[in-house]
Amino acid sequence: MKRLFTITITLVSVGLLSASVGAQTAFYDAEKAVTYRQNALNVMYHNFKTMGDMIKGDVPFESEIFAERANDFAAMTVIPWAGFQVDGAMPGNDTDALPEIWQNWDDFKQNFEKLQSDANNLKQLANAGASRAELGQAVKTTSENCKGCHDNYRAD
Ligand code: HEC
């Protein structure tokens, strides 16, 4: 009991158990939702860019590191989209998201689902030790999702 009490106090002191718990996270607060999705997109980007740099030869190609990045990239392609589904997380001063996203949600969703399936394919190839040429092709295919969605749904 004493231990439970100590845990509760700790949670309260770091703000996790306050009365307005919902309003403080990205899933209930529009502004935080925008930050959340942008942060997730950046983590996704860094993993993807590293693979692209390895394919181009800008950094040494190391298949183990490539596979790690492919795993994390595939995981990250799932994350950002919840940040687009929070009430009020619409275009404002701090976002490049266009209103068309919410007008064409099904199409937007198809775009990120295609990204996820291409990312999973890339991950499988990387973990199966595919050649650099094969991986390069999969990176290229995957990158078309980025451009396609940004052209329609992201401000320049
Ligand atoms: C389903 C649509 C979609 C796909 C697919 C997509 N993006 Fe984006 N991306 C967006 C939107 C919309 C924004 C603007 C988000 C905002 O500012 O709220 C964005 C913003 C970004 C940002 C900037 C985040 C910031 O700090 O403001 C990066 C980096 C990014 N995307 C990388 C990528 C990469 C790399 C890929 C492909 C591997 C990709 N995106 C695929 C829709 C997409």
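The values are calculated or read from the model by the stated rules, or taken from the named source; none is laboratory data. Predicted model, so just to flag it, every value in this text is computed and none were measured. Note: ideal-geometry Cβ built from the backbone for every residue, glycine included; neighbour counts use all protein chains shown.
Let's see how each residue does on (1) free of Cβ contacts under 8 Å to residues at least 60 places away in the same chain; (2) among the hydroxyl-bearing types (Ser, Thr, Tyr):
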| site | (1), (2) |
| --- | --- |
| Ala82 | yes, no |
| Thr95 | no, yes |
| Trp102 | yes, no |
| Asp107 | yes, no |
| Asn111 | yes, no |
| Leu122 | no, no |
| Arg132 | no, no |
| Gly136 | no, no |
| Thr141 | yes, yes |
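Is it true that Gly136 is more than 9 Å from the ligand (Cβ to nearest atom) and on the phi > 0 side of the Ramachandran plot? If you could, list the steps in order and put the result at the bottom.
On the way: more than 9 Å from the ligand (Cβ to nearest atom): yes; on the phi > 0 side of the Ramachandran plot: no.
Judged against the criteria, Gly136 is not a match.
Given the residues Ala23, Ala19, which is the only one that is of a type in the set (Gly, Ala, Ser), more than 22 Å from Asn145 (Cα to Cα), in a helix (DSSP H, G or I) and at pLDDT below 95? Step through it out loud before you land on a result.
Numbers: Ala19 fails: in a helix (DSSP H, G or I).
Step by step, each of Ala23, Ala19 is checked, and only Ala23 is of a type in the set (Gly, Ala, Ser), more than 22 Å from Asn145 (Cα to Cα), in a helix (DSSP H, G or I) and at pLDDT below 95.
The rows are residues; the columns are (1) under 30 Å from Ala133 (Cα atoms); (2) surrounded by fewer than 16 Cβ atoms within 10 Å (Cβ to Cβ).
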residue: Met54; (1), (2): yes, no
residue: Val59; (1), (2): yes, yes
residue: Glu62; (1), (2): yes, yes
residue: Met76; (1), (2): yes, no
residue: Ile79; (1), (2): yes, yes
residue: Ala82; (1), (2): no, yes
residue: Gln85; (1), (2): no, yes
residue: Pro91; (1), (2): no, yes
residue: Ile101; (1), (2): no, no
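I'd like to check which helices (runs of 4 or more DSSP H) are fully inside segment 38-156 and have at least 2 residues that are of a type in the set (A, V, I, L, M). First the steps, then the outcome.
Working: elements: 63-76, 100-103, 105-127, 132-153.
Passing ranges, in order: 63-76, 105-127, 132-153.
Filter segment 103-156 for residues that are acidic (Asp, Glu) and more than 14 Å from Phe48 (Cβ to Cβ); which is surrounded by the fewest Cβ atoms within 10 Å (Cβ to Cβ)? Can you show your working first?
Going residue by residue through segment 103-156, those that are acidic (Asp, Glu) are 106-107, 113, 118, 134, 144, 151, 156.
So of that shortlist, the ones also more than 14 Å from Phe48 (Cβ to Cβ) come out as 106-107, 113, 134, 151, 156.
Numbers: Asp106: 7, Asp107: 13, Glu113: 13, Glu134: 14, Asp151: 9, Asp156: 5.
Across segment 103-156, the extreme among qualifying residues is Asp156.
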